[in-house]
Amino acid sequence: MVNRDVVGAHYGTRDFLMQRITALVVVLYVLLLLGLALAYPQVSYESWQALFANSTFKLLTFLFLVSVFLHAWVGMRDILMDYLKPVAIRLTCEVLVIGALIVYTGWAIQILWGVAK
């Protein structure tokens with residue numbers, strides 16, 4: 001009989017759920033965009049600007065982007081853990097990925113809630 005002791009960081013279930021939940025958020029946002037595209041086939045700059053002037057849509061877009069970033073983090077971390085065995089190189093790459101995702105999140109906030117010129 002195999003006695004399997006689970007040790008380590010216990011990422012499995014949490015990461016599984018994060019990947020599935022963030023994927024669901026992405027799918028729902030894409031369906032929302034498809035629904036809007038079908039409901040309003042004539043898209044103009046003014047209609048696009050009016051859509052993003054709505055605070056609720058900005059919040060949904062931000063939720064979508066954060067979901068993409070979290071989804072990317074879990075995937076990148078798993079790839080780095082699988083293929084970069086030297087700890088120093090792997091941790092350096094993980095820090096770089098985290099830094100990039102934080103910058104992308106700040107950039108998304110600036111784009112969505114920045115002052116229009």
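No value in this document is a laboratory result; all are computed from the given coordinates. In this text the structure is predicted, and so the values were computed from the model without any measurement. Please note: Cβ atoms are built from the backbone with ideal geometry, for glycine as well, and neighbour counts cover all protein chains shown.
What the table shows:
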quantity: Relative packing of peptides 51-57, 21-27 - highest average C-beta neighbours within 10 Å first; calculated: 21-27, 51-57
quantity: Distance from segment 46-65 to segment 72-117 (C-alpha centre basis), Å; calculated: 24
quantity: Inter-label distance for Val95 and Leu112, nm, one decimal - labels placed 7 Å from Cα along Cα-to-Cβ; calculated: 2.9
quantity: Protection proxy ranking of 82-89, 69-76, 98-105 - average other beta-carbon atoms within 10 Å, highest first; calculated: 69-76, 98-105, 82-89
quantity: Spatial extent of segment 53-117: Rg and Dmax, with the Cα atoms as the point set, Å; calculated: 15.1, 48
quantity: Leu36-Lys85 FRET efficiency (beta carbon distance; Förster radius 35 Å; 0.05 resolution); calculated: 0.15
quantity: Per-residue ³J(HN,Hα) for segment 51-57, Karplus 6.51 cos²θ - 1.76 cosθ + 1.60, θ = phi - 60°, Hz, x for Gly and Pro; calculated: 4, 7, 6, 6, 4, 5, 5
quantity: Cα gyration tensor of the chain - equivalent ellipsoid semi-axes, whole Å, descending; calculated: 37, 19, 10
quantity: Contour minus Cα-Cα distance for Asn54 and Arg20 (0.36 nm per residue); calculated: 9.5 nm
